[in-house]
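The values are calculated or read from the model by the stated rules, or taken from the named source; none is laboratory data. Not measured: the values here are computed from a predicted model. With ideal geometry, Cβ positions are generated from the backbone for all residues, glycine too; neighbour counts draw on all protein chains shown. The protein model used for the area step is the full one, side chains on, heavy atoms only, and it has no ligands, DNA or RNA in it. Shrake-Rupley method; radii C 1.70, N 1.55, O 1.52, S 1.80 Å.
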Amino acid sequence: MCFGTSSGKLSQLAHYGPIGAIILIIWITISGYHCLIQWFPPDIKDPLSIINFLIYWIWPVVIFYNYFRAIFVGPGFVPKGWRPANKEHEKYLQYCNVCDGFKAPRAHHCKKCGRCVMKLDHHCPWINTCTGHFNHANFCWFMFYAIFGCTHALLMLCPCIYRALFAQYYIYARIKNVPIIHFTFTGLISCILSIGLALGVIFAVGFLLVVQLRSIMRNQTGIESWILRKARDRDYRRVKTFIYPYDLGFKQNLRQVFDWAQTFNVIGDGLTWPVCDGADEYALTREQLDQKRDKRQRTVRYEVVKSYKGSFITLSYGLRTCICIPCTDETRIPLEKGDYVLVTRWERCWMYGERVSANEMNNKKDDTNKPDKRQHRARGWFPRCCAYEAFKIEDLWSGKLDPNSDIVAAQFANFGPEGYDDVEEEGNNNVQNEDNHVEEIIPTTTTSTPSKKLKQRKVRQEN
């Protein structure tokens, strides 16, 4: 977990991200200043030099101001144990077992921060916290000023290094009114390195700023863009296409983050959100619940046949497994022989899933008459060679597996992905609400047998 995430304490800076970012800003600033005082020093007789000097030092001030506000203000966390005011609305929201409360609309749980974050866009290691509702504006302003500050530093660094390298020419040609630049070897290397760092910041941060502004103009976070993309793929099942509820138009979308009419900051408390015509505040959360039901249907149960310690060096599992690693910062889960994994993502040599330990399986068999209280399960990547597919839906449809067997029961009920309830969709309830222009699917808890669930799934596949 991050140190003091958005706690307002100085320990928030005790992380490689803030330390690296602060050193980078100071390095480029000092190197540029060293060139500025030799090539274009402030002179009372030259107003332009005074203006250039002042502007140069304004950049680090506004950069650090927005940077530290993005860190210490934080994205805003949903209070632990939060529930909507209307209890009837709880069925439209996801429940977070870690925070022991419901996730507010547009909120998502961050594993690194350990909290549900309001309007989570992404977790940024450079500020050691998430980019969310309350610090989104400061994060964008920080990137904006960083680009201009590095550009100004480049304008000081490049001419100085050029004239320092060709100083002998200016001396030999006796060119007057041109300052002679002198560098020590260490100073020259430092300035050349600063040019490379400044260029890297301009291109990398510039690209990220474009991505962020594009998301703000659409009023979509990175996570919501992914949800919307999957919702478009599911439109063929609906009578009407899914309407993204938070797109208020270009101008209003920008104002949600940069409120130029009042505080130049975000609008709202992060728990309730204005929506467009034809949608309601829980349209996106209902879509998420439907997508997770679809995810449950395509979850495959694998049995672990080879232990894995969760290490990043996996040469013992094969050279291809060691080279073809997943390009993500998601965790890797340790596995023990005899465990089961509920897999939802597949790569050539790796799989992503949710671990179900052998002890949990034994406890479920012993406590079949007790209410099901699922524990928090580890999720992450593991080598594909460590597990094999214990349940194939094709074998069930072809009759090779008994629909009432323990394996089928475990796949459909006992060992479902964490956070899912055993639900059944009633065919007559899958209707379009003409008043709210949204599709409502009303889940009801059932105790149906696996064979009955299989028939229901076949009907849905045929439809």
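Overview of results
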{"quantity": "Test: residue in segment 233-245 that is among the hydroxyl-bearing types (S, T, Y), in contact (Cβ under 8 Å) with a residue 24 or more places away in the chain and within 18 Å of T285 (Cα to Cα)", "calculated": "yes"}
{"quantity": "Residue tally, condition within 12 Å of Y246 (Cα to Cα) and open to solvent by 30 Å² or more (accessible area, probe 1.4 Å), over segment 221-236", "calculated": "1"}
{"quantity": "Qualifying positions in segment 303-333 - assigned to a loop (DSSP other than H, G, I, E, B) and under 24 Å from H123 (Cα atoms)", "calculated": "G310, S311, F312, I325, P326, C327, T328, D329, E330, T331, I333"}
{"quantity": "Residue within segment 183-205 that is within 30 Å of Y162 (Cβ to Cβ), in a loop (DSSP other than H, G, I, E, B) and not hydrophobic (A, V, I, L, M, F, W, C) present", "calculated": "yes"}
{"quantity": "Residue within segment 293-302 that is part of a helix (DSSP H, G or I), touching a strand residue (DSSP E or B) at 6+ places or on another chain (Cβ under 8 Å) and closer than 22 Å to C110 by Cα present", "calculated": "yes"}
